[in-house]
Every structure is written in structure tokens, then in C-alpha cells.
1. Using the structure shown, list the pairs from Lys130/Lys234; Lys141/Lys223; Lys80/Lys141 with a Cα-Cα distance above 26 Å, or answer none.
2. List every residue whose amide H lies under 5 Å from the amide H of Ala210, counting only residues 5 or more places away in sequence or on a different chain, with H placed 1.01 Å from N in the peptide plane.
3. Using packing as a proxy for protection, rank 310-321, 186-197 so that the peptide with the highest average count of other Cβ atoms within 10 Å comes first.
4. Tell me, what is the per residue accessible area of the chain in Å², probe radius 1.4 Å?
5. Mind ordering 269-282, 437-450 by average Cβ neighbours within 10 Å, highest first?
6. Quick one: which residues, 5 or more positions from Leu93 or on another chain, have an amide H under 5 Å from its amide H? H modelled 1.01 Å from N in the peptide plane, none for Pro or chain starts.
7. From the phi angles alone, apply the Karplus equation (6.51, -1.76, 1.60; θ = phi - 60°) to region 171-185 and give each ³J(HN,Hα) in whole Hz, x where the residue is Gly or Pro.
8. For the pair Val336 and Asp306, what calculated FRET efficiency results from E = 1/(1 + (r/R0)^6), where r is the Cβ-Cβ distance and R0 = 30 Å, to the nearest 0.05?
Amino acid sequence: MMILDFGIGMQGFSGSPEFFGLGFFAFLVFGLALSGEPRGRRPVPWDRVEKEIFDHFLALVRTDTTSPPGNETRAAEYLKGVLEREGIPARLLALDPKRANLVARIRGNGSKRPILVMGHTDVVGAQREKWSVDPFAAVRKDGYIWGRGTVDDKDNVTAGLMLLLLLKRQGVKLDRDVIFLAEAGEEGYAPEGLRYVIANHWEEIDAEYALAEGGGGILKDGKVFYLSVATSEKVRLEVQLIARGTAGHGSMPRPDSAVIRVANAVSRVAAWAQPMRLDETTRTYFQRLAGISPPEEAARYRALLDSRGRAEVEQYFVQNEIRHNSMIRTSLSPNVLKAGFRANVIPSEAEAIIDIRALPDENLTEFIEGLRKVIADPQVEIRPTFGRPAAPASSLNTEMFAALESAQKRLYPESLTIPILLTGATDLSPLRARGVQAYGIGPLVESEEIGGAHADDERIPERSLPEFVKFLWEAVVEVAAAR
Ligand SMILES: [Zn+2]
């Protein structure tokens, strides 16, 4: 997963030392608020369920599924065992037997199309020497659980597992099937993961709605500022620029130097201005963010939505709010330069790699043509590599988005839901490209910079895990339970 998308205004919200105390108080209030299940449904015994949530989460974090090589089958087998002990059949779907995906389903009456809840079992590597704890020991200390995968993405895997167990135990009558997919190989969009499942087992996961990683919330002094739901994301493509020239002696500079060619191409690419564009997601994002931000920031977000003063805000974003800058335009970042091997030899080849993150509506063929014109050098070869497919944003006017919003209102009435466009890429986009309305959700964290996804000392506030399971439960029951 990529990092969550919060405004710059949220940065520097750090946890207070009495965080756990406040969290516990909030938890009591929250527990009481939840005890009245609607429509005579049996209340979930959350106090008992909580221990179980932690047990499964700790077991999953302790299962080292670092990718590469992944070995996600170990996590999939664990989940299969837990589900089947409670009479929920589960299947492993594998291109590589060591990298299995797991799928399971609770059936509804079929009057509505299914909902898919997804989490990925693979994790990125951890540099043990930079961690203050063993990254695969799932250490509980200072109000957190520490370990690789605690926020990316074994939290979502655990929540999906618990959702199925609870639906079964509580005997909730459903209008639609609820499907759980614990996918392998999300990091780097490996061929063994969702790509394989979509191509070979689409009928197992075909759904109207999907929920997976990508959103979440920031805790400030134990309170929730807002909950984000990812409804859209940028499209990634890599472009290699390769210049060729004649090799020779460094004492006699050549007019066809490959290094100079590629350097010129990179500087033109870097100076190529991309127009700002807002869509339903980003317009709503800035509107709602303005409503809860300090006056100066709020004024900036409002100015962005208005043509007057917009240019100034755009400039401000370029300098000071780089994530917001990337949310409103296609971006190009030259991240790799390769050329030469000795100071006195003119190399015959030079290469640059540009990391392009396009807005979801960008026409990529036209964009590459535009890039060619900007570089304006036929001797520079342009070689694009496409990643996940481009996909339209998911709608804010669906039962699912409304259910996520109303779950937020019940659990965190002081907060609000904000739709976001992720600047990074997730496995929601291949689902969106197949017509699924897919939303990114996530637990509450205290900071996205410290201990976040892919970071050293990755950790989740203990409070957040059971609350996240409840949030998912509330939203899914609302959208799937029979009326
Ligand atoms: Zn992830």
C-alpha cells in the first residue's frame, strides 16, 4: 500500500503520553454506544471478541510473509484453518503454491450483488538493524503493537477474517454475499496476487462493492480529526528515456553525447507544466477539509475551488503541500539516472527513468505523445511501462459510501468522512477497472510519517484494531444485512 493521504495541516499531530488512557475512555463510550444493535439483532459480545481479534492479528504478524519471496500460503493456511473450524469453507487460489490467495464467502439471499472485503497478506521487507524491536515478534508495548504489516496490511486481513466469523456466528441474514479475499503479492502488483485471481477466478470475487486498504484516520489527542475513504487513485507508469551516442575519449567532447542528450530531456520533462484538474472526489475533499481546517488553511482550500486566487494556491502547494499538489495534477518525477563508468570515457548510452503518476482520467497515449514533443529529440528513445490499469473513480453516491459515512457517524460522531484520491497505487484500481465500486478504508493511526506503512518500527495503536473491526462490521452489516 501507499501511505495515506492527509493534508499537510495534519502533519505533526503526535500522540500524547496519556493516549492510552484517553483511548480507553473513548472505548468505554464507544462500547456502550454499540450495545444497541438495530432491528433486534443479537449484540456482538465485543469484550470477548476483542481478545480473539488480537490473537489472530498477532499470529498473522508473526507469520513472516516478506515479499519477495512472500510465502503467503502460510498466512492463507492459517486463515483457512480458523474459518473452517467455524464451518466457513475457504479455498486457496494459487498460481505459485507458495503464494496462495484465500477466498471465502458467507451467502446471502442473492437479491443484491456481493460485497468483497480484501486485505493483502504479503509485507515489504524490514531492515532489522533499524528497528527497535523484532519486526516479526508482534511486540505489545506503550499502547501499540509493533511489527511489519501491522498497518499494511494485516489489520485489513484480520478485520476481514473477523467480519466473516461474526456474520456466521451472529447468524446475520444477508441480502448479498459477503466475500473475503486475503490476497498475496499486492506489493509490486505481483502476478501471483489479485492479477491472477481476476484473470482466472473472477467469479469467486465478482462484486458490486469492494473494501480494502487506502483510507483511515488520524488520531489527535485521542480524537479523530476525520476518516478518509479512498474513492480514486492515480495511475502509475514508468518511462525510460534512453539516449545513444558515439563512445570516445573524454578529452574530445562530442556533439552527440548521450549524457547531454538525456540530461536535456530530463530537464525539459521536469519543466513541463501539468494543468490542475479537480473531480468529484478532490472537489469534495477540499470542500470538507476546508470545513475543519484552521482559518488560513481553510481559505486556501476554498480559493482552490474558486478561479480567483487559484494560481497562488497552486504555487503554495508546489512548495509547501506536495501531496495536495500531486492530488490535483499528473506528476512526473525523474528518479533514476544511469550513465558512464569512467571519468575519462564518453559513454555511448545514457538512461533516465521517470516515475509518472497520472490523474485517473488522463489519456496515456496522448500523454506519451505530449512527452515526445516536449523532449523534442528523436535520438532519445521513450519506452513506457504500464502498471495497474487506469480506472474511473468510485462514486460518492452509492449505498456503500453512505454506509461507510453512517458507520463513521455512529462510531465517531465528532468527526467526518472525507473522500480522497490516493497519489499512490493500490489493488482497488484493477477492481474499479472491472466495474466494481471500490473504497479504501483503514484504522486510526497517530501519524502517517512515524511507524507507518513501509516505515521502520511500523506499529498500530492497540485501540485502533478492535475499533477498525467494528467500523467494518457496522458498514458491511448496513449494506448487506437483509431489510
Ligand atoms: Zn498495502
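1. As for pairs spanning more than 26 Å Cα to Cα, those are Lys130/Lys234; Lys80/Lys141.
2. Leu116, Gln437, Ala438, Tyr439
3. 186-197, 310-321
4. Numbers: 19920 Å² over 483 residues.
Result: 41 Å² of accessible area for each residue.
5. Values: 269-282: 15.2, 437-450: 23.1.
So the peptides 269-282, 437-450, ranked by packing, come out 437-450, 269-282.
6. Amide H to amide H, under 5 Å and 5 or more residues apart or across chains, Leu93 pairs with Asn101, Leu102, Val103.
7. x, 5, 6, 10, 7, 9, 5, 10, 10, 10, 10, 9, 8, 8, x
8. On the way: r = 39 Å, r/R0 = 1.30.
Taking R0 as 30 Å, the efficiency between Asp306 and Val336 is 0.15.
The values are calculated or read from the model by the stated rules, or taken from the named source; none is laboratory data. The structure presented is a predicted model; accordingly, all values stated were derived computationally and were not measured. Virtual Cβ from ideal backbone geometry, glycine too; neighbours counted across all protein chains shown. Note: areas computed on protein heavy atoms with side chains; ligands, DNA, RNA excluded. Shrake-Rupley method; radii C 1.70, N 1.55, O 1.52, S 1.80 Å.
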